[in-house]
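Colleague: One structure is given below, represented as structure tokens, and several questions about it will come after.
The values are calculated or read from the model by the stated rules, or taken from the named source; none is laboratory data. No experiment lies behind these values; they were computed from the predicted model shown. Heads up, the Cβs are rebuilt from the backbone with ideal geometry, glycines too, and the neighbour counts pull from every protein chain shown.
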Ligand code: AMP
């Protein structure tokens with residue numbers, strides 16, 4: 001339900017943005033695509049495809065043949081950036097690992113630039129949501145680069161647990177097994 005509510009909020013925001021820069025029919029087309037995704041089918045279309053193609057506005061900070069980075073339209077802190085591959089990869093499993101490495105490299109450079117820029121942050125968080133359960137909303141892989149300043153209100157909510165070493169070792173073995181398959 002909250003996912004639906006937040007989707008409705010995003011739809012209104014995107015519709016308002018689309019009205020400012022493009023004809024109404026374009027916003028309607030976009031809303032229909034979004035509705036398809038929220039119905040459970042994974043729609044291959046994302047707004048990032050339009051941004052990469054130059055069909056939708058973005059405040060770009062970095063551009064090379066493989067990677068684009070731009071300001072998040074709903075920043076959790078000022079200067080919040082998204083780093084995206086130019087080829088379509090809906091999730092980590094579809095992303096060429098070399099390109100994944102490049103996303104991280106660009107993220108590193110941007111973290112340094114954020115500290116030097118007028119954003120003037122003291123720290124940076126990287127965040128990547130892979131899958132609906134992880135909070136992914138746009139199905140085109142993207143690395144969030146989030147500038148941090150004291151008391152900025154950003155944080156991850158989680159409850160740490162204290163498993164036995166034997167349980168950790170058991171899981172480590174299971175994961176090693178999956179890696180070697
Ligand atoms: P995630 O939940 O990791 O999939 O994050 C998707 C992010 O994309 C959110 O932080 C949105 O604010 C951001 N976003 C969605 N549409 C746009 C857009 N047109 N321009 C920039 N950022 C966007």
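Colleague: Condition (residue is surrounded by 15 or more Cβ atoms within 10 Å (Cβ to Cβ) and within 12 Å of the ligand (Cβ to nearest atom)) applied to segment 109-119: is it met by at least one residue?
Modeller: no
Colleague: A follow-up question, please. Quick test of your reading of the structure: residue 88 fulfils all but one of (1) modelled with pLDDT under 95; (2) more than 15 Å from the ligand (Cβ to nearest atom). Name the failing condition by number.
Modeller: Going through the list (1) modelled with pLDDT under 95; (2) more than 15 Å from the ligand (Cβ to nearest atom), residue 88 breaks only (2).
Colleague: Considering only segment 54-70, state which residues are part of a strand (DSSP E or B) and within 7 Å of the ligand (Cβ to nearest atom).
Modeller: Within segment 54-70, 70 is the sole residue that qualifies.
Colleague: Only one of 123, 79, 135, 131 is crowded, with 19+ Cβ neighbours inside 10 Å and over 24 Å from residue 53 (Cβ atoms); which?
Modeller: It is 79.
Colleague: Output yes when any residue across segment 160-172 is within 16 Å of the ligand (Cβ to nearest atom) and surrounded by 11 or more Cβ atoms within 10 Å (Cβ to Cβ), and no when none is.
Modeller: no
Colleague: Which ones in segment 133-155 are within 13 Å of the ligand (Cβ to nearest atom), free of Cβ contacts under 8 Å to residues at least 60 places away in the same chain and more than 12 Å from the chain's Cα centre (by Cα)?
Modeller: Correct list: 133 only.
Colleague: Can you tell me which residues in segment 85-103 are within 14 Å of residue 130 (Cβ to Cβ) and in contact with a strand residue (DSSP E or B) (Cβ under 7 Å, 6 or more places away or on another chain)?
Modeller: 85, 95, 103
Colleague: Right, another one. Quick check: is even one residue across segment 98-117 in a strand (DSSP E or B) and under 14 Å from the mean Cα position of the chain (by Cα)?
Modeller: Checking segment 98-117: not a single residue is in a strand (DSSP E or B) and under 14 Å from the mean Cα position of the chain (by Cα).
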